[in-house]
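Heads up: the structure comes next, in structure tokens.
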Amino acid sequence: MANSFQKIRQIDEVIGKINDGCTLMAGGFGGVGTPPSLIDAILEKEVRDLEIICNDTGFPHIGIGKLISAGRVRKVIASHIGSNPIAGSLMSEGKLEVEFSPQGTLGERIRAGGMGLGGILSDVGMGSEIAEKGKDLVQVEGRTYFIETALTADVAIICGKAADEFGNIIYKKSARNMNPLMAMAGDYTIAEVDEIVSLGELDAEAIITPGVFVQAIVQSEGVNWKWVWEAK
């Protein structure tokens, strides 16, 4: 396999980009589409005080939930944490700061960050004291909106089905979820993929994330957790 762009790396070569206190975006929906090998590498490195931007906190032993359970996360920005009781307990105990953002709004905040915008306007939750807390309001054509700030991260870790040596990525069905948005919004994006192929092998019409957004590609070691719907 050629490595003309020097993007194909070993996990231990790129994990140094993720350090204590950094802001980390992680793809995944209940763990589906979360990069398992990178999550394990973060645990092994004992990185702490992370601020994580993710759709949800997975389950206690699945996806981002593994970092939550290990106490490595200081703050999480997510659409919900209900599938991970440990996250809820830590929040109640004041050990985990949680910023909730409606799922669609969260996606658009990440997209805005990737496009270099300062934020978006939204009226989701208007009239709710919780939703309005700490947010600026603006009037546009007679309507009131929140200013929802854009989200970016020091590092984005994403999960794809396959990538070529430039970092063009295709995804597997619903495992795509927020991965393409996060690829654009990370200052340094690491893509963990099931397969790495040569340039020209991917169907150009199937490419979702252009390689210009990806700084490193690593080979996945595969999912290493049992899904909650699988028989014990």
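The values are calculated or read from the model by the stated rules, or taken from the named source; none is laboratory data. Keep in mind that what you see is a predicted model, and the values were worked out from it rather than measured. Methodologically, a virtual Cβ is constructed for each residue, glycine included, from the backbone with ideal geometry; neighbour enumeration extends over all protein chains shown. Ligands, DNA and RNA are stripped out before the accessible areas are found, and what is left, the full protein with its side chains, is counted by its heavy atoms. Shrake-Rupley method; radii C 1.70, N 1.55, O 1.52, S 1.80 Å.
Here is how the numbers come out for the structure above:
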| item | result |
| --- | --- |
| Wholly within the stretch 63-117, helices (runs of 4 or more DSSP H) carrying at least 1 residues that are of a type in the set (A, V, I, L, M) and farther than 19 Å from Ile157 by Cα | 85-92 |
| Test: residue in the stretch 121-132 that is surrounded by fewer than 17 Cβ atoms within 10 Å (Cβ to Cβ) and of a type in the set (Ser, Thr, Tyr) | yes |
| The lone exception for Cys159 - which of (1) of a type outside the set (Phe, Trp, Tyr); (2) at pLDDT below 95; (3) under 21 Å from Gly31 (Cα atoms); (4) open to solvent by less than 60 Å² (accessible area, probe 1.4 Å) it fails | (2) |
| Tally of residues being among the hydroxyl-bearing types (Ser, Thr, Tyr) and either within 18 Å of the chain's Cα centre (by Cα) or open to solvent by less than 30 Å² (accessible area, probe 1.4 Å) (or both) across the stretch 133-156 | 2 |
| Ser198 more than 21 Å from Thr105 (Cα to Cα) and either crowded, with 17+ Cβ neighbours inside 10 Å or within 19 Å of the chain's Cα centre (by Cα) (or both) | no |
| Selection within the stretch 173-195 - of a type in the set (Lys, Arg) and either open to solvent by less than 60 Å² (accessible area, probe 1.4 Å) or without any contact (Cβ under 8 Å) to a residue 60 or more places away in the chain (or both) | Lys173 |
| Residue list for the stretch 192-217, filter: within 17 Å of Leu24 (Cα to Cα), touching a helix residue (DSSP H, G or I) at 6+ places or on another chain (Cβ under 7 Å) and of a type outside the set (Phe, Trp, Tyr) | Glu192, Val214, Ala216 |
| Matching option when the condition is in contact with a Lys or Arg (Cβ under 7 Å, 6 or more places away or on another chain), of a type in the set (A, V, I, L, M) and in contact (Cβ under 8 Å) with a residue 12 or more places away in the chain, among Leu24, Leu43, Leu90 | Leu43 |
| Number of the exception - Ile86 against (1) in contact with a Pro (Cβ under 8 Å, 6 or more places away or on another chain); (2) at pLDDT below 95 | (2) |
| Of the criteria (1) under 14 Å from Pro35 (Cβ atoms); (2) under 18 Å from the mean Cα position of the chain (by Cα), which one Trp225 fails | (2) |
| Residue match in the stretch 201-212 (condition: open to solvent by 40 Å² or more (accessible area, probe 1.4 Å), under 22 Å from Asp154 (Cβ atoms) and modelled with pLDDT of 95 or more) | yes |
| Sole residue being surrounded by fewer than 20 Cβ atoms within 10 Å (Cβ to Cβ) and of a type in the set (Phe, Trp, Tyr), chosen from Phe100, Phe59 | Phe100 |
| So Ser83, is it touching a strand residue (DSSP E or B) at 6+ places or on another chain (Cβ under 9 Å) and within 26 Å of Lys172 (Cβ to Cβ) | yes |
